[in-house]
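A quick write-up on the structure given underneath.
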Amino acid sequence: MNPMTNSLRTQIAEAKVALIKDGWDLVGSIMHDGGATGDFGIMYIKDKDTVFVNFKTAKDILYILSH
């Protein structure tokens, strides 16, 4: 059974939409930084900055982009 709830799936979907609207570009569907920081998820890039959307970051991304 997948541990992700519908609420969490919704947050991830909303975070992806919010990033696109804010000018972030999708780099890859499931990316990992190779273990350097442990970042994983759906990778977006903007002005040489990167962000990974996953079950740990979705809520924070939505909060940051809404302020």
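Read the figures in this text as sums done on the coordinates, not as results from a lab. Computed from a prediction, not measured in an experiment: that's the story for all the values here. Cβ coordinates were reconstructed from backbone atoms using ideal geometry, including for glycine residues, and neighbour counts include every protein chain displayed.
Each peptide among 55-67, 10-22 gets the average number of other Cβ atoms lying within 10 Å of its residues, and from highest to lowest they stand as 10-22, 55-67. Counting only residues at least eight positions apart within a chain, or on another chain, the aspartates and glutamates with an alpha carbon under 19 Å from that of residue 56 are 14, 33, 39. Each label point was placed 7 Å from the Cα along the Cα-to-Cβ direction; for residue 7 and residue 29 their separation is 2.8 nm.
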